[in-house]
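Laboratory data are not the source of any read-out in this text; all were calculated from the coordinates shown. Keep in mind that this is a model prediction, so the values were computed, not measured. So basically every Cβ, Gly included, is an ideal-geometry build from the backbone, and we count neighbours across all protein chains shown.
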Amino acid sequence: MDVKIKFEQQDFYANISNIDIKKLSDTDFIKVKNIVETYGVVSIDSQFINDDDQIAFSERFGKLEVSIGTKTKAPDYNLANSTTPIRPEISRISNVDLNDKMLPIDNSKVIFDRGNNYWHTDSSFKEIPSKISILSGREVPEYGGGTDFIDARHALETWEDKPRKYSLSDLNDCICEHSIVYSRKNNTGDIFDEKFKKDMPFVKQKLIRIHPYTKRAAFFAGSHCSHIIGWDIEESRELIKEINDWIIESGEIAEHKWKTGELVLWDNRRVLHKGTGYDESKYRRIMHRTTVAGDMPSYLEKN
Ligand code: OGA
Ligand code: MN
């Protein structure tokens, strides 16, 4: 196993080569897991895997989430009439349907996926937010279609380098409400039906979380984060915007440009990510994600 670190100063973004995730010993698996938790983002070269391989590897990190894709999308999502069903642990981010046909750019699934092009942390709109996401590049566009990562821990650790209205100790116990209905409304328009909106109410998340492995704190915000409970809503949205802006300004952006067969893992408790977008009318893009579930709601964690 060869490991290279991209941003040493922030302990951020590692690349691993010369491994086969289908045949990892327990010792090597623990090494990979520690690298993900230490560096926040890890790309692994040349893993030409199928869904069963991806799920088997991902389950070594813990229980997997069931994709909201299985219950969100409108009939034209093409899962229902597909001849090749997809396993519920897989979130498919793609403009190609399961019958291998490119979807039009105004298709609800394509619009939904476009919402990934805003900085976010996966599943913060779920009562129990995720730990780690594992994304496999099955088919990637020739131009565009990258994924960017940014370090919300570095942002927290440098927050007080600038004059601030609120110090970290003012923010330490804040609890926010997150919602994908809120974030998609801001970013892609009002795309969900009433049933989905009812099924996906706001959930509570801590604004500052301490990572169980590194014991270092990070902001937990991103586009699903709407407001702080108990604060004036506008005042809290201004602060959340200031935090999200600082996350993006304060540190290095790791720009991942995909090659087919790469696997990228990131720690949702520490980093934000977003897609860079691509010409959906011209290029096919097929990405399959598994997501390692968290253990409990973040507001029950102690800082
Ligand atoms: C994701 C995601 C961005 C991309 O899979 O969670 O946000 O580049 N993906 O597809
Ligand atoms: Mn995502």
Given the conditions (1) surrounded by fewer than 19 Cβ atoms within 10 Å (Cβ to Cβ); (2) among the basic types (K, R); (3) closer than 26 Å to G62 by Cα, and given that K198 satisfies all but one, which numbered condition is not satisfied?
(3)
Filtering segment 280-296 down to residues that are of a type in the set (S, T, N, Q) and within 15 Å of ligand 2 (Cβ to nearest atom), which residue is farthest from T260 (Cα to Cα)?
T291
Quick one: how many residues across segment 134-175 are buried (at least 23 other Cβ atoms within 10 Å of the Cβ) and polar (S, T, N, Q)?
2
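Within segment 160-174, does at least one residue satisfy the condition of being more than 16 Å from ligand 1 (Cβ to nearest atom), within 19 Å of the chain's Cα centre (by Cα) and not small (G, A, S)?
In the first step, residues of segment 160-174 are kept if they are more than 16 Å from ligand 1 (Cβ to nearest atom); the result is 160-174.
Now restrict to residues that are within 19 Å of the chain's Cα centre (by Cα): none.
Within segment 160-174 (the criterion being more than 16 Å from ligand 1 (Cβ to nearest atom), within 19 Å of the chain's Cα centre (by Cα) and not small (G, A, S)), the answer is no, since none of the residues qualifies.
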Wholly within segment 85-160, strands (runs of 3 or more DSSP E) carrying at least 2 residues that are more than 20 Å from T291 (Cβ to Cβ):
none
